[in-house]
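So the structure is just underneath, and the comments pick up after that.
The values are calculated or read from the model by the stated rules, or taken from the named source; none is laboratory data. Just so we're clear, the structure is a prediction, and the values are computed from it rather than from any experiment. Here the Cβ positions follow ideal geometry from the backbone for every residue, glycine too, while neighbour counts run over all protein chains shown. Surface areas here come from the heavy atoms of the whole protein model, side chains and all, with no ligands, DNA or RNA. Shrake-Rupley method; radii C 1.70, N 1.55, O 1.52, S 1.80 Å.
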Number of protein chains: 2
Amino acid sequence: MSTTTERAPLNGVDTPTLFATLDAVKGQPDIAKFQFRAKNRWVKGTHNQSSIHGFYGAGQEMEHQHETVIDADHPAVLVGADNGPTPVEYVLAALAACLTSGLANIAAARGIELTEVESTVEGDINLLGLLGLSDETRNGYEQIRVSFKIAGDAPPEKLQQLVERSRDRSAVFDVLTNSVPVAIDVTVA
Amino acid sequence: MSTTTERAPLNGVDTPTLFATLDAVKGQPDIAKFQFRAKNRWVKGTHNQSSIHGFYGAGQEMEHQHETVIDADHPAVLVGADNGPTPVEYVLAALAACLTSGLANIAAARGIELTEVESTVEGDINLLGLLGLSDETRNGYEQIRVSFKIAGDAPPEKLQQLVERSRDRSAVFDVLTNSVPVAIDVTVA
């Protein structure tokens with residue numbers, strides 16, 4: 001069975017290429033093995049910069065068209081210089097972005113035209129853990145809530161199903177709601 | 001017992017204010033309850049923009065000095081227009097940033113001067129899950145590896161201990177290695 005359909009490009013998604021890519025991966029599953037990367041450099045205090053550029057995928061080393069550099073810091077209330085968002089805020093943005101990218105692809109695959117997709121993400125965190133003041137309080141978010149507002153040319157239940165399907169296939173939702181093994185090593189220069 | 005010490009500012013960390021903040025939170029633990037937020041707006045295809053500005057903390061609504069807007073997209077090999085990093089790359093950057101910010105604070109608190117902190121993060125992901133082509137493959141990272149390179153005025157084992165302590169109190173490490181409840185709701189406009 002092929003996933004190739006007669007779907008035209010929709011929502012800015014090149015749907016024919018998306019289906020062709022799915023078919024290519026089915027025929028050669030090894031090309032689905034990717035490795036993403038980030039580099040980070042400490043600047044001063046809680047301020048540091050990450051850069052994102054190269055990755056591995058489809059059997060070869062690849063690069064984004066442009067390197068992206070992002071600053072992270074703590075705000076003044078947390079004794080930082082506020083040179084950028086906190087790391088935990090980037091996690092919330094990543095979650096919204098992942099759900100939204102997936103949603104646009106899924107809508108295109110289903111022939112649903114989207115006119116608006118907005119979301120807000122809130123994460124509750126009690127800093128007693130992170131600050132080392134309580135062993136009963138976890139360091140990270142206690143709960144995250146995402147609220148989507150969607151408009152498109154489909155009945156409400158079809159639009160809601162887009163979010164459900166996107167959640168069910170979201171990489172960031174997965175790593176936040178299931179756990180990931182994280183290994184850390186240190187070299188002293 | 002007070003955590004206040006005679007430590008001077010170090011590594012760009014205002015250590016006296018950091019200790020004063022810890023003392024303030026000890027005296028009034030409710031001010032440690034924070035809520036971070038991100039907003040996201042779909043642009044086109046897999047391209048979307050997140051903005052980070054306001055948050056709640058220390059008993060009041062607060063704002064970063066500047067709003068930060070970040071673009072996320074899929075690269076061409078994943079049928080996107082490559083207008084920015086993928087959401088999962090932001091997660092790697094957030095992890096490195098969180099560990100590095102914590103490390104700088106901990107070093108200052110311990111009186112260790114840092115001269116260099118760099119890290120690289122790699123995340124292995126098999127897209128068969130995310131693409132809906134395999135139910136046995138998870139959607140997100142199978143493994144994440146962080147490699148730190150550190151230099152400072154302390155013996156190697158003391159520098160390595162900074163990373164260990166930072167990991168033990170890292171919010172992003174926590175949410176990736178433990179799970180977080182994530183609730184999603186949808187409003188159809």
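One table, with the values for the structure above:
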quantity: Check: the protein assembly as shown dipole with +1 on Lys, Arg Cβ and -1 on Asp, Glu Cβ, in debye; calculated: 180 debye
quantity: Calculated from backbone phi, Karplus (6.51, -1.76, 1.60) coupling profile of the range A:56-68 in Hz, x at Gly/Pro; calculated: 10, x, 6, x, 7, 6, 9, 9, 5, 3, 10, 6, 10
quantity: Debye, to nearest 20: dipole size of chain A, +1 on Lys, Arg Cβ, -1 on Asp, Glu Cβ; calculated: 300 debye
quantity: R0 of 41 Å, Cβ-Cβ distance B:Glu67-A:Asp23: FRET efficiency to nearest 0.05; calculated: 0.50
quantity: Positive-end residue of B:Leu133, A:Ile112, A:Ile70, charge dipole of the protein assembly as shown with Cβ unit charges; calculated: B:Leu133
quantity: Among B:Ser119, B:Ser134, B:Ser51, residue whose mean-square fluctuation peaks in a GNM of chain B (springs only between Cα atoms under 10 Å); calculated: B:Ser134
quantity: Shielding by other protein chains, B:47-57, mean Cβ within 10 Å; calculated: 6
quantity: Residues of type lysines that A:Lys149 reaches as a straight line, Cα spacing below 28 Å, ignoring anything fewer than 8 places off in the same chain; calculated: A:Lys158, B:Lys33, B:Lys39, B:Lys44
quantity: Kyte-Doolittle mean at least 0.0, axial Cα span of 24 Å or more - DSSP H helices of chain A; calculated: A:87-109
quantity: Ascending list, in nanometres, of distances separating the B:Tyr56 label from those of the other copies (7 Å, Cα toward Cβ); calculated: 4.4
quantity: Pairwise centroid distance, computed over Cα atoms, of the range B:18-85 with the range B:103-182, Å; calculated: 19 Å
quantity: Note, ³J(HN,Hα) from phi for the range B:41-52, Karplus 6.51, -1.76, 1.60, rounded to Hz, x at Gly and Pro; calculated: 9, 5, 9, 5, x, 8, 8, 8, 10, 10, 10, 10
quantity: Dipole of the protein assembly as shown, positive direction: furthest Cα of B:Val182, A:Phe34, B:Leu22, with charges on the beta-carbon; calculated: B:Val182
quantity: Hz values of 3J(HN,Hα) by residue in the range B:123-133 - Karplus curve (6.51, -1.76, 1.60), Gly and Pro given as x; calculated: x, 8, 9, 9, 6, 4, x, 4, 7, x, 9
quantity: Pairwise Cα inverse-distance average, inverted: Kirkwood Rh of the protein assembly as shown (Å); calculated: 21.1 Å
quantity: Neighbouring partner chain Cβ atoms per residue of B:68-75, average, 10 Å criterion; calculated: 6
quantity: Given charges at beta-carbon only (K, R positive; D, E negative), |dipole| of the range B:28-107 in Debye; calculated: 140 debye
quantity: For A:Ala189, distant residues with modelled amide H under 5 Å away; calculated: B:Ile150, B:Ala151
quantity: Rounded percent of accessible protein surface that carbon and sulfur make up, the range A:48-177, 1.4 Å probe; calculated: 43 percent
quantity: Residues with amide H under 5 Å from that of B:Thr46, placed H, sequence gap 5 or more; calculated: B:His74, B:Ala81
quantity: Distance cut-off 22 Å, percentage of C-alpha pairs in chain A lying past it; calculated: 62 percent
